[in-house]
């Protein structure tokens with residue numbers, strides 16, 4: 001019997017007991033009033049003496065049975081939810097060992113990698129970047145184009161916003177390796193430097209895109225610059241990754257199309273930086289082992305060439 005049945009049954013029995021009590025009380029009143037022709041007074045006294053204990057016993061029994069039925073129903077509901085929510089052992093094991101960092105990697109937060117020192121000087125300029133005016137002698141045209149793209153992006157949906165900024169930066173910056181542009185290998189430029197020169201390598205594209213998207217309202221903590229190895233072309237590269245509940249969106253100077261990281265299987269993350277944090281990335285192998293993708297001291301991104 002379910003909970004509702006017990007409740008209806010309880011109401012019926014309680015009503016019956018209450019009726020008996022009323023009849024008994026009425027009968028007793030009649031006897032006290034001298035109406036002895038209805039029933040013998042002794043019988044009514046017996047009914048009266050039985051009514052109160054009977055009501056108490058019936059009520060207690062009904063409440064107990066109703067409580068038991070309710071607990072049984074709750075137990076069955078809990079068991080049903082548990083069965084529904086419990087994944088298969090195979091699926092659970094796969095989920096626990098599934099890497100969740102960008103490009104299907106395993107990430108470890110660190111602070112001592114070489115690029116972290118460079119990032120500490122660049123990130124404040126990313127936060128403070130202002131694309132509304134132009135106080136420099138060069139780069140004003142590019143700054144104006146990017147400022148207009150940021151203004152337009154403020155009213156767009158997320159995918160349209162990041163796609164618009166990705167396309168704009170890819171078009172206003174011309175690819176040039178650091179050695180040719182700055183006379184130094186692996187130089188991480190600030191947004192103003194990139195716009196002033198109108199040139200940069202792959203991490204410069206990513207830096208400028210992060211600054212523009214932050215100005216357009218995206219939180220900098222959700223964005224990271226990922227230095228990677230392109231195993232298909234066998235070279236080092238850098239992109240901007242935006243982490244969302246749908247996955248990691250990749251903004252790449254090699255493509256105007258924004259893609260999820262799973263659509264780029266040849267990209268192997270090495271290390272990444274975001275706001276005041278940095279990570280090194282490894283590849284999940286067997287068991288709990290993680291293999292390092294490359295010696296970090298030898299990594300100098302910038303070999304990617306913008307494809308128009």
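The values are calculated or read from the model by the stated rules, or taken from the named source; none is laboratory data. No experiment lies behind these values; they were computed from the predicted model shown. Note: ideal-geometry Cβ built from the backbone for every residue, glycine included; neighbour counts use all protein chains shown.
List of remarks:
- Residue selected from region 126-144 under the condition surrounded by fewer than 16 Cβ atoms within 10 Å (Cβ to Cβ) and within 34 Å of the chain's Cα centre (by Cα), by the criterion modelled with the lowest pLDDT: 132
- Take the conditions (1) assigned by TED's automatic domain parsing to the domain that holds residue 163; (2) at pLDDT below 95; (3) touching a strand residue (DSSP E or B) at 6+ places or on another chain (Cβ under 6 Å); residue 303 misses just one of them, which is (1).
- Of residues in region 188-217 being touching a residue at least 40 places away in the same chain (Cβ under 8 Å) and closer than 20 Å to residue 235 by Cα, the one surrounded by the fewest Cβ atoms within 10 Å (Cβ to Cβ): 188
- In this structure, residue 220 does not qualify as surrounded by 24 or more Cβ atoms within 10 Å (Cβ to Cβ), assigned by TED's automatic domain parsing to the domain that holds residue 169 and under 24 Å from the mean Cα position of the chain (by Cα).
- Inspection of region 271-280 identifies no residue that is in contact with a strand residue (DSSP E or B) (Cβ under 9 Å, 6 or more places away or on another chain), assigned to a loop (DSSP other than H, G, I, E, B) and over 15 Å from residue 119 (Cβ atoms).
- Residue 116 being surrounded by 13 or more Cβ atoms within 10 Å (Cβ to Cβ) and modelled with pLDDT under 95: yes
- Residue list for region 142-183, restricted to those being without any contact (Cβ under 8 Å) to a residue 40 or more places away in the chain, in contact with a strand residue (DSSP E or B) (Cβ under 6 Å, 6 or more places away or on another chain) and not in a helix (DSSP H, G or I): 176
- Count of residues meeting criterion [in contact with a helix residue (DSSP H, G or I) (Cβ under 8 Å, 6 or more places away or on another chain) and either outside the structural domain of residue 130 (by TED's automatic domain parsing) or part of a helix (DSSP H, G or I) (or both)] in region 194-214: 13
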